[in-house]
Every structure is written in C-alpha cells, then in structure tokens.
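Accompanying notes for the structure given below.
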Amino acid sequence: MLLHGHKLGACLPPLLRSGALALLNENGALLHGWIAHHGSPTHLIWPEELQSNIASLKCVLQDSGVAHAIYYGAKANKSPALLAAALGAGAGIDVSSLYELREARRLGADGAQIVATGPAKTAAFHRELIAANALISVDSPEELDDLIGSLPSDEREPVCPVLLRLRPHSQAQSRFGMPAAAIRRCLAQIADERRLRLDGLHFHLGGYDWPSRAQAIDEVAGLIGECRARGFSPRMIDIGGGLPAQYVDHDVYQAHLAAQAPEDYRTREVPASFYPYGGRLSAATWLRCLLRAPLADGRSIADYLTDEGLVLAMEPGRALADHAALSVFRVTRVKALACDAHVLFVEGSSFSACETWFRSEFLVDPILIPHDARPAGAPPIRAYLAGHSCLDDDVLSNRWLTFPVAPQAGDLLVYANTAGYQMDLLENQFHRHPMPNRLCVAQDGKGQLTLIPDT
Ligand SMILES: Cc1ncc(COP(=O)(O)O)c(C=O)c1O
C-alpha cells in the first residue's frame, strides 16, 4: 500500500497508471537505487503515456469523422522523448520559440508538422519558420508586418502558410490574438501578398472548459465565411490547448476543496485559486462534448467542420503530458518546529515541483517511499515541505501534510503528474546545484524496469 502525506480525512491521492503504479508499489528498492545514482530530484518520464493520450483523442476525432491535426504543445515540458513520442504517434508540434522549433526539427519534424504560436516571435524565429515552411499563427497586425518583412524576396520560394489568431469576445482583456476588425485588416494585407497563404484561423483560451471553445468556434465560423467571400480558401480552425487533465479523482478533489480551511496551511491562508487537478471530464470526453455542441446555425461542431471541409487543429500541452512523468525527491532532514509541526527538507527545490511560486498549491498528495522498514505503531507526523535553498519561499507544499509513518532522511517523496508545466518550468541552478536529471522509464530485454537517457 502506498503511503501519502495528506490532510487527515481529506486525502488527495494521485491517480496513477500501471507503469507508475508498478514502480512505486513493487520496486521501491529499485527506485532508491536510481535516486542514489542519478541524484535528487530526478524526473522520470513515460513517453508512451503521451502516445496513449494522443490515441484517446484521435479515437474521438475518427469516430466523429472530423479531419484533424493534433499538435503537442512543446512548452509543457522540456523532454525530447515526449516530443519524439508525439511525432511517433502522428502528432505535430506547437512551438513557441526558436529553440522549441530547432528541437522539433532535430527530432525529425518537418515543416508540415509544426505550428508556431506566441505573440512575440522574433525575426530569427520567423526566418527559420519560413525556411522550414512551417505554419505560423500570426498574433497581431504588427506581427504580420514583421513577418512580411522577413519573407524572401524571391517569389519562387514556397508560400508561407499562416493562421490568424482571433481574440474571442470572452477574452477581451487578453494580450493574445486580435479582435475581428484587426483580422479583417490582416486579410486585406494578405490578399495583396502572394508570398503568404491564409490556411485558417486560430484561438487559444485560458481556462479548461469546452463551452467557451464552442462559443469561440461560432465566432470563428462567421469569419471563415467572410474569408471565403473574399476569395480565400481557409482549411483549418485551430482551437489551441486547454484540454483538461485528471491528476486526482474529481469527487475527491471537490470534497477536498470544499473542506479547505486556513489552518490547513502553514501560512494560515487558503490560496485564492487552484488548477483544476481533478477535472470532471477526461480530455477525450471533453472533446466529444465539444464536437457535439451546436453552433448558432443549429449544426453540431462536428457537422459544421465536415460540411465545410475544415480540419480541426488543436495544441494540447498539459492534457497530452497527463500521467507522463513523476518527480522523485530525497528527504534530507526532518526538523521539529513544535510538538505537532515539522518541516521536511528535500534535496531539490520548489523550482522542480510546486505551485507556491504562483501563490497556489500543487494539490496532489506526495507519496512516501521509506528507505527501510519502519516499526509498526510509529506515530504519524505533520509537516510541510521545503526545498534546500535559503529562500524563505522555497516551499513545495505550504499545506500541512500528515504522514502515517514518520519520514526520515533518505526516504523518497514522489510527486505524480509533474510533466505538464510542473517539473521543469522554473528549474535553474540556484546555489550552483546541478540541473535535475530527466530519464525515461523503459523495460529491458528481460522485462526489467530500466532507465534510458532522455535525449
Ligand atoms: C497558443 C497556445 N496553445 C496551446 C497551449 C497549451 O495549453 P495547455 O497546456 O493548457 O493545453 C498554450 C499554453 O499556454 C498556448 O499559449
């Protein structure tokens, strides 16, 4: 049985798929050996989970008969193995920097498998995208001017495919994308530019609900009609990312949120917002709901897309990385602060797993893997988790967690589901600590678990 650090009476155990479960349940000694060898923290990757997440979405899209293009949002994680897994599963890559582009190209992506998003693309990024003949989502009229300035003057070069990114009404305050009036101005400019080809329209919304995407598709549908009336042949609507993930059970998560109180936190303050760790819908069900949703003209989104011969593109990051990684920390010290209050110091920092830097909390209970058998009946302890730096804010969990078995130095604490924007978003070499290792879990010829480099 796995031991969790949790709030008494309101556990948030992570949902685990079979690979992670087998490692944690049956191979604790092996895991200790890996950390002894590779250091703490170490991030463990299961690339095949990303492929299985892609397969679930493809299944829904194929059932609905909708032509589609799934681009994995490379920003979610720096692992090359996850990028390679996405390409291997027939997905493309959504790149938002020159370096993500180069990495995708190094791993074999050709231009047709790449969409470039983001509001602040540099001239160098534009030039390499143009050279690769990648699809570029243009964020603003200003970006369109810059892109045109970077196009080769030789008209025999392939035309550069572009999407225009709409800022839907629901995101009126966002700095991303442009309102319909600016889209129309861009259309006029593209009509006069033979080196550009309008491939379609794009949006990406904050939040993780499907009705807001359905509403945005309705707005886009009107503009697709306008594009066609002006002689363009758009072939794609790209709905961005924001598909949900399920790190913990939905009902358990809701119960936990409802029961939260200031005294659950060492700060005596419940954070104002949390990522929806316990999504109600799987990404596949979310997509099915979206495809069935009616547009203003009464057609379902699936029927609209097929009738109009449009490809539904999407750029999920977090949802594709769901269940694709664990982060393992070694406990360095257990320090008593008061009779019922401890701090667990881990070897590693909150830059490798936490939401405390975003004034929130990673609401998934860490799993304790003791380094030896503990005597039965040892009293539980209550602790919060801190990193090894001298920053007061270097805290992995401000939540008070009760450990059924008192942790000791040398034990491991495992955070599940750290692949999406969690394990390596903030990592750095503060205090000159080396960057944590990232390795892929695989099986050797004898079926034994082994690690392979993530390259
Ligand atoms: C344009 C764009 N597409 C896709 C994504 C991926 O979003 P998610 O990881 O929530 O699916 C993002 C995230 O910021 C984005 O900005």
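Read-outs: derived from the displayed coordinates by stated rules, not from any lab. Just so you know, these numbers come straight off a predicted model, no measurement behind them. Reconstructed Cβ throughout: ideal geometry from the backbone, glycine too, with neighbour counts over all protein chains shown.
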Legend entry - Relative exposure of 290, 31, judged by other C-beta atoms within 10 Å (fewest first): 31, 290
Legend entry - Computed label-point distance, nm, for sites residue 146 and residue 127 using a 7 Å Cα→Cβ extension: 1.4 nm
Inset, instruction - Would you work out the relative contact order for the range 256-303, in percent, from Cα pairs under 8 angstrom that are 6 or more residues apart? - result: 17 percent
Legend entry - Cβ-based exposure ranking for 60, 414, in which fewest neighbours within 10 Å come first: 60, 414
Legend entry - Potential lengthening between residue 120 and residue 426 on full extension [0.36 nm per residue; Cα-Cα distance subtracted]: 108.1 nm
Inset, instruction - From the P(r) of the range 270-401, can you give the percent of Cα pairs sitting at distances over 20 Å? - result: 62 percent
Inset, instruction - In debye, nearest 20, what is the charge dipole magnitude of the range 285-421 about its Cα centre with +1 on Lys and Arg Cβ and -1 on Asp and Glu Cβ, if you could check? - result: 440 debye
Legend entry - FRET efficiency, residue 392 to residue 273 (Cβ-Cβ, R0 35 Å, nearest 0.05): 0.95
Inset, instruction - Determine the dipole magnitude for the chain: charges of +1 sit on the beta-carbon of Lys and Arg, -1 on that of Asp and Glu, nothing else is charged, the reference point is the Cα centre, and the result goes in debye to the nearest 20. - result: 220 debye
Inset, instruction - Could you work out how far the C-alpha centroid of the range 5-55 sits from that of the range 216-239, in angstrom? - result: 44 Å
Inset, instruction - Enumerate the amide H contacts of residue 176 below 5 Å, restricted to partners 5 or more residues apart or on another chain; note that Pro and chain-start residues carry no placed amide H. - result: none
Inset, instruction - Rounded to the nearest 0.05, what FRET efficiency do residue 10 and residue 308 give with R0 = 45 Å and r taken as the Cβ-Cβ distance? Could you check? - result: 0.40
Legend entry - Separation of alpha-carbon centers, the range 154-197 and the range 335-405, rounded to whole Å: 48 Å
Legend entry - Sequence-distant residues sharing a close amide H with residue 4 (under 5 Å, placed H): 368
Legend entry - Two-site label geometry, residue 455 and residue 37: point separation in nm, points 7 Å out along Cα→Cβ: 1.6 nm
Legend entry - Fewest-first sequence of 264, 322, 444, 146 by Cβ atoms within 10 Å of each Cβ: 444, 146, 264, 322
Legend entry - Span per principal axis, largest first, for the Cα atoms of the range 404-455 (Å): 39, 35, 22
Inset, instruction - Would you mind calculating the relative contact order of the chain from Cα pairs under 8 angstrom and at least 6 residues apart, reporting the percent as a whole number? - result: 23 percent
Legend entry - Cα convex hull volume per residue for the range 182-263 (Å³): 145 Å³
Inset, instruction - For an R0 of 45 angstrom, estimate the FRET efficiency from the Cβ-Cβ distance between residue 263 and residue 156 and round to the nearest 0.05. - result: 0.05
Inset, instruction - Please turn the phi angles of the range 56-65 into ³J(HN,Hα) values with the Karplus equation 6.51 cos²θ - 1.76 cosθ + 1.60 (θ = phi - 60°), one per residue in order, whole Hz, x for glycine and proline. - result: 5, 5, 4, 4, 5, 5, 5, 4, 7, x
Inset, instruction - Please work out, to two decimal places, the log10 of the ratio I(q)/I(0) at q = 0.11, 0.12 Å⁻¹ from a Debye calculation in which every Cα of the chain carries one identical scatterer. - result: -0.90, -1.03
Inset, instruction - Label the range 374-438 by shape, choosing from rounded, prolate and oblate, from the square roots a ≥ b ≥ c of the eigenvalues of the Cα gyration tensor; if a/c is under 1.5 it is rounded, and otherwise prolate applies when a/b is larger than b/c, oblate when it is not. - result: prolate
Inset, instruction - For the range 356-370, just list the computed ³J(HN,Hα) in residue order, Karplus coefficients 6.51, -1.76 and 1.60, θ = phi - 60°, integers in Hz, with x standing in for Gly and Pro. - result: 5, 5, 9, 6, 10, 8, 7, 7, 9, 6, x, 9, 9, 10, x
Legend entry - Descending principal axes extents, the range 1-74, alpha-carbon based, whole Å: 47, 36, 22
Inset, instruction - At 0.36 nm per residue, minus the direct Cα-Cα distance, what do residue 443 and residue 251 gain on full extension? Give it in nm, one decimal, please. - result: 65.7 nm
Inset, instruction - Give me the number: length gained by fully extending residue 192 to residue 338, i.e. 0.36 nm times residue separation minus the C-alpha to C-alpha distance, one decimal in nm. - result: 45.3 nm
